[in-house]
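**Q** Got a structure here, written out as C-alpha cells. Questions coming.
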Amino acid sequence: MDNSELLMLLVGLHFLCDYPLQGDFLAVGKGSFSKPHCGIPWWHCLTAHAAIHGLAVGLAIGHWWFGVVETVAHWLIDFGKCRKWFGINADQALHIGCKVALVMVIAMEGGKA
C-alpha cells in the first residue's frame, strides 16, 4: 500500500470510529465531567473512545506503537473539544492532521511502519 492509500485508509477509519463506532453512550459520557454518565466516569468513556481509534490505527499500519500514539493524541484532542477549548471543526482538523503526520513519519522512514 502506498502512502496516499494509507492516508485514505486512516481517514476513513477515523470517520468510522468517530461516528458510528462511538455511539451516544461514549459521545455523551466522555464530556460528562460533573456527573458520571450511567455511573461511568468521563475519563473511562474518553479513554475507551481513544483506544478504539488507537486500535484501528495500529491494525491499519501494522505496528502497535502507532496505535499508542494515536490513542494519546486522540484522547488529548477530544479532551480539549469536550472542555470547549475549540469546536468540532478544529477537532476534526486536528485528528486528520495527526493522520497526515503519521503517514509523513512512515514516509520519512522509507515506508516501513
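**Q** Note down the nm distance, to one decimal, between modelled labels 7 Å out along Cα→Cβ at Leu16 and at Ile96.
**A** Taking the two extended label points, one gets 1.9 nm.
**Q** Helix-derived [θ] at 222 nm for the chain: sum -39500 (n - 2.57) over DSSP H runs of at least 4, divide by residue count, nearest 500?
**A** Values: 5 runs with 83 residues, N = 113.
So the helix-based figure for the chain works out to -24500 deg cm²/dmol.
**Q** Can you find, among Ile61, Cys38, Val105, the residue sitting farthest towards the positive end of the charge dipole of the chain, where Lys and Arg contribute +1 and Asp and Glu -1 at Cβ?
**A** In the chain, that residue is Cys38.
**Q** What residues of segment 38-63 lie in the reach of a label at Asn3, counting those whose backbone N is under 17 Å from a point 7 Å from the Cα along Cα→Cβ?
**A** The answer is 61.
**Q** Something else: Accessible area per residue, 1.4 Å probe, Å², for the chain: what's the number?
**A** For the chain, the per-residue accessible area is 57 Å².
**Q** Turning to a different aspect of this structure: When you count, for each residue, the other Cβ atoms within 10 Å and take the mean per peptide, how do 40-49, 21-30 rank with the highest first?
**A** Peptide ranking by packing, descending: 40-49, 21-30.
**Q** Give me Rg over Rh for the chain, both radii from the alpha carbons and Rh done the Kirkwood way, two decimal places. Don't skip to the answer; put the middle values down first.
**A** Working: Rg = 14.4 Å, Rh = 14.3 Å.
That ratio is 1.00, to two decimals.
**Q** How would Glu5, Glu70, Glu109 line up by accessible area, probe 1.4 Å, largest first?
**A** Per-residue accessible area, sorted high to low, gives Glu109, Glu5, Glu70.
**Q** Something else now. If one takes the longest principal axis of the Cα atoms in the chain, at what angle in degrees, from 0 to 90 and to the nearest 10, does the Cα axis of helix 3-18 lie?
**A** Here the helix axis deviates by roughly 10 degrees.
**Q** On to the next question. Among the lysines in the chain, how many pairs, 8 or more places apart or on different chains, have alpha carbons under 28 Å apart? Write out the running numbers ahead of the final one.
**A** On the way: Lys30/Lys81; Lys30/Lys84; Lys30/Lys99; Lys35/Lys81; Lys35/Lys84; Lys81/Lys99; Lys84/Lys99; Lys99/Lys112.
Within the chain, the lysine pair count is 8.
The values are calculated or read from the model by the stated rules, or taken from the named source; none is laboratory data. Nothing here was measured: the structure is a model prediction, and the numbers come from that model. Glycine gets a Cβ as well: all are built from the backbone with ideal geometry, and neighbour counts include every protein chain shown. Quick note on the areas: whole protein, heavy atoms, side chains included, nothing else; ligands and nucleic acids left out. Shrake-Rupley method; radii C 1.70, N 1.55, O 1.52, S 1.80 Å.
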